[in-house]
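Inspection log for the structure reproduced underneath, given as structure tokens.
Coordinate-derived values only; no laboratory data. These numbers come from a predicted model, not from an experiment. Please note: Cβ atoms are built from the backbone with ideal geometry, for glycine as well, and neighbour counts cover all protein chains shown.
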Amino acid sequence: MQRCATICRPDWSSRVEALGLTYHTHEQGPYWDESAYYQFSGAEVDVLEGAGNELHELCMTAAQKVVEAGWWERLSIPEAAVSSLVKSWEREDFSLYGRFDLAYDGSGPPKLLEYNADTPTALVEASVVQWFWLREQFPMSDQFNSIHERLIEMWKGAGFGRVHFSAVRDHAEDEQTILYLQDTCHQAGLVTKRTAIEELGWHPIRKHFVDQDEQVVTHAFKLYPWEWMWAEEFGGYLEESGTCFVEPCWKMLLSNKGLLPILWELNPGHPNLLPCYEEPSNLGGSFVRKPKLSREGSNVAIYEGGEEIAAVGGDYGEEGFVYQARARVGDFGGNRPVMGVWIVGNEAAGLGIREDSGLITRDTSRFVPHLF
């Protein structure tokens with residue numbers, strides 16, 4: 001595994017915009033960064049793919065244990081959601097995708113940092129943008145990336161009719177992610193419709209969620225966390241509605257960092273896991289404190305020798321924290337990459353890399369392409 005400097009395409013910004021990556025730059029600099037790429041051997045790609053498949057199986061087994069034991073408080077799952085979650089799990093409701101964030105520097109096994117299993121983004125750049133970059137810049141090389149094709153195949157097998165696609169209005173990354181996923185669904189032959197989250201409503205007579213045109217929403221992909229949905233005004237209608245949401249309610253089990261201590265408890269010493277507990281006392285003063293529910297590094301803090309050495313602010317943490325051993329994250333000239341291994345269905349399908357010069361990956365961290 002190497003980080004290699006390279007020359008950016010002169011018109012790179014217009015090229016990535018044409019592919020849907022309109023949020024390629026922020027106030028601190030580029031988000032999409034093609035001034036470098038990560039090069040892997042075929043064996044290293046196999047290691048990452050194998051880790052993704054193994055971890056997904058471990059998470060599914062841990063989720064089953066949570067359901068059997070009723071460990072809802074350990075994941076801070078609201079009581080109102082339990083019945084829907086259990087029914088969704090027992091029905092094996094359709095799940096499209098997720099993303100593992102792994103620490104890996106080419107030596108030793110990849111280590112699980114967290115599983116973004118409900119509303120993962122950085123999808124357009126992982127699936128499409130870095131693939132076109134590869135074809136133009138390094139056409140003789142390959143990439144761990146079958147995300148696009150796998151998404152289409154998943155939609156084909158879903159058995160859905162019309163699918164609504166919903167995200168928060170006026171959020172560039174979420175809207176582009178929704179637009180891309182809608183396109184994969186359309187390519188699979190399904191009827192699709194865009195509806196902002198703010199436009200979904202409850203029809204008291206028809207007893208169903210409806211869109212802005214009062215069409216019944218039977219199937220909906222929502223880029224909106226389940227824990228937010230249950231807290232909304234219409235949360236009380238979620239179970240009654242009969243709407244099939246993607247991701248399904250059972251994904252609350254996997255997208256919650258409260259699962260990390262349970263994974264370690266069930267699989268102590270597993271090579272792809274880091275020690276993780278519900279209290280920090282077992283970690284000797286060196287650990288990462290993570291909210292059970294947070295995104296883009298919000299409210300994450302790193303401790304060394306009992307002292308906080310790095311932290312990101314935010315609005316998360318009310319639901320509680322978990323305490324994870326610090327991972328060995330590679331340092332490539334001051335750049336610390338996190339491997340995002342994408343799961344489509346139940347199998348690893350590709351890789352997206354985010355890097356930062358700081359110790360915590362955030363929403364401003366750069367996306368860097370890869371090849372092997």
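So here's what we get for this one:
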{"item": "Burial ranking of peptide ranges 165-174, 93-102 (average Cβ count within 10 Å, highest at the top)", "result": "93-102, 165-174"}
{"item": "When each of Lys65/Lys251; Lys65/Lys87; Lys65/Lys156 is checked by Cα-Cα distance, pairs over 24 Å", "result": "Lys65/Lys156"}
{"item": "Relative contact order of the chain, pairs being alpha-carbon contacts under 8 Å that are 6 or more residues apart, as %", "result": "24"}
{"item": "Residue exposure sequence - Phe138, Phe160 - by fewest surrounding Cβ within 10 Å", "result": "Phe138, Phe160"}
{"item": "Student exercise, the stretch 275-324 dipole from Lys, Arg, Asp, Glu Cβ charges, in Debye to nearest 20", "result": "140"}
{"item": "Ellipsoid semi-axes in whole angstrom, largest first, where each is sqrt(5λ) of the Cα gyration tensor of the stretch 291-346", "result": "21, 20, 11"}
{"item": "Neighbour-count ranking [beta-carbon atoms within 10 angstrom, fewest first] of Glu278, Glu307", "result": "Glu307, Glu278"}
